[in-house]
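The values are calculated or read from the model by the stated rules, or taken from the named source; none is laboratory data. This structure is a prediction, so every number in the text was calculated from the model and none was measured. Every residue, glycine among them, receives a Cβ derived from its backbone with ideal geometry; neighbour counts consider all protein chains shown. These area figures cover heavy atoms from the full protein model, side chains too; ligands, DNA and RNA do not enter into them. Shrake-Rupley method; radii C 1.70, N 1.55, O 1.52, S 1.80 Å.
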Amino acid sequence: MKIHEYQAKALLARFGIPVPRGEVAFTPDEARAAAGRLGGRVVVKAQIHAGGRGKGGGVRVVAGPDEAAQAAGGMLGSLLVTPQTGPAGRTVGRLLIEEALDIASELYLGLLIDRESERLAVIASAAGGMEIEEVAVATPDRIHRQAVSGSGLQAFQARELAFRLGLTGSVALKAAGVMVAAERAFRDLDASLVEINPLVVTGDGAVQALDAKVTLDDSAYFRHAGHAELRDPAEEDPLEVEASQHGLNYIRLDGTIGCMVNGAGLAMATMDIIKLAGGEPANFLDVGGGASAGQIRQAFRMLLSDSRVKAVLINIFGGILRCDVLAEGVIAAVRELDVRLPVVVRLEGTNVEEGRAVLLGSGFDFTTAGTMDEAATHAVALAAG
């Protein structure tokens, strides 16, 4: 689950990471009041779940309360397009009003799981304020990594990273302290990403998180009272929000073959085999091991709401979910929703023969397949046709 910058900073501050003073605002009047409380020059920052806001006009430095209100009036409700939002952009619904800092230099700090080493990786660079992907391509020698063991990031490792960034003296020690705190926050918050870009050194030698991006593992909600309230459904794909309300796991992709599968591993394998057959999946959709007829109907609704879908591939391994029950649910959904798209069904597992018989006797023109290869080949051909 992605959260907004102001929320991420509030979480990181609990671990001792210095952040600028700031307040969230939902109206121009709230922005004016916040700027008045902060005093002096302030920064008005659009809060959306995407980077590159400055490039799209979503970050403005203003002189005081009236200018803050004016800037807020122009941003709130507007469509902000950045390199990460794509041309569709995001509607700005809230702002962060924050004190302006005297910035001497900008650094990059990021923490994420390195899947190759299966360990937490701390990534730092003196090229802060830039897209880290661009730095990796243009000047990879400016990116420094530190793998973290189960005992956590040690102080000497953080100091070494700070020295490699060219920091010295008290500034190096402060930056190292931020690194250690960020690693602790990553673990304690059950995060999948903690990124501070830029981590700035101010004119008086302070080190502060000028921006922050935190992604939380929503499977760990039960360990963190309040994390669920940080969610902003307006920033998520409406279909993904709808899916979560029905106990379905859905992620929209860019292809033409709608997938309905039970089990995340099987869903990933199904998408892979579609690509191997020359097609492109339109989504990841896991209906779970014990999907009900209502969930199957809802899954079909979601697939049909995507105008790019030209064929549907249902790939079910019946364990908890019996194949005959699944087949009856599919038939009911196709009849109720008047599905006109070609539907390919591959069933295996409990009561598979009964399930196939139910499909064949339904009167609908389903395409059945005995293997995943066969199902993917049929789906790709039907979507192309």
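Per-structure values
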{"item": "Area accessible to solvent at residue 250, 1.4 Å probe radius, in Å²", "result": "10"}
{"item": "300, 26, 15, reordered so the largest accessible area comes first (probe 1.4 Å)", "result": "26, 15, 300"}
{"item": "Residue 49 accessible area, 1.4 Å probe, all protein chains in place, Å² to nearest 10", "result": "20"}
{"item": "17 Å tail of the calculated P(r), segment 259-355, as % of Cα pairs", "result": "45"}
{"item": "Distant-in-sequence amide H partners of residue 366 (H built 1.01 Å from N, under 5 Å)", "result": "none"}
{"item": "Positive-end extreme of charge dipole, the chain - chosen from 341, 258, 113 (charges on Cβ)", "result": "113"}
{"item": "Set of segment 53-86 residues, backbone N closer than 15 Å to the point 7 Å along the Cα-Cβ line of residue 29", "result": "69-70, 73"}
{"item": "HN-Hα J in Hz across segment 364-381 - Karplus 6.51, -1.76, 1.60, θ = phi - 60°, x for Gly and Pro", "result": "8, 8, 6, 9, 9, 9, x, 10, 5, 4, 4, 5, 5, 4, 4, 4, 5, 5"}
{"item": "For residue 311, distant residues with modelled amide H under 5 Å away", "result": "258"}
{"item": "Stretchable slack from residue 373 to residue 168, in nm (0.36 nm times residue separation minus alpha-carbon distance)", "result": "67.9 nm"}
{"item": "Candidates 344, 43, 207, ranked by Gaussian network fluctuation over the chain, Cα under 10 Å, top entry", "result": "344"}
{"item": "Sulfur and carbon atoms: percent of accessible area, the chain [1.4 Å]", "result": "52"}
{"item": "Dipole in debye (nearest 20) - the chain, about Cα centre, beta carbon charges: Lys, Arg +1; Asp, Glu -1", "result": "640"}
{"item": "Per-residue ³J(HN,Hα) for segment 331-340, Karplus 6.51 cos²θ - 1.76 cosθ + 1.60, θ = phi - 60°, Hz, x for Gly and Pro", "result": "4, 4, 5, 4, 5, 5, 8, 6, 5, 9"}
{"item": "Potential extension, residue 224-residue 268 segment - 0.36 nm per residue separation minus Cα distance", "result": "13.0 nm"}
{"item": "For residue 275, solvent-accessible area (1.4 Å; no DNA, RNA or ligand), Å²", "result": "110"}
{"item": "Residue-span extension gain [residue 134 to residue 360] - 0.36 nm each, minus C-alpha spacing", "result": "76.0 nm"}
{"item": "Whole-Hz ³J(HN,Hα) from phi, Karplus 6.51 cos²θ - 1.76 cosθ + 1.60, for segment 211-220, glycine and proline x", "result": "9, 8, 10, 10, 10, 9, 7, 6, 6, 9"}
{"item": "Residue 117-residue 160 FRET efficiency (beta carbon distance; Förster radius 22 Å; 0.05 resolution)", "result": "0.75"}
{"item": "Förster radius 35 Å - calculated FRET efficiency between residue 141 and residue 251, Cβ distance, rounded to 0.05", "result": "0.50"}
{"item": "Projected-area mean, segment 56-201, by convex hull of Cα positions, square nanometres", "result": "10.8"}
{"item": "Candidates 160, 280, 134, ranked by Gaussian network fluctuation over the chain, Cα under 10 Å, top entry", "result": "134"}
{"item": "12 Å beta-carbon shell around residue 304, net charge (K/R +1, D/E -1)", "result": "+2"}
{"item": "Kirkwood-based Rg to Rh ratio, segment 1-106, C-alpha trace", "result": "0.96"}
{"item": "Rel. contact order, % - alpha carbon contacts under 8 angstrom, at least six apart, the chain", "result": "12"}
{"item": "Shape call, segment 312-385: gyration tensor on alpha carbons, a/c limit 1.5", "result": "oblate"}
{"item": "The chain - share of DSSP beta bridges that are antiparallel (%, nearest 5)", "result": "75"}
{"item": "Placed amide H near residue 105: partners under 5 Å, 5+ positions off or other chain", "result": "201"}
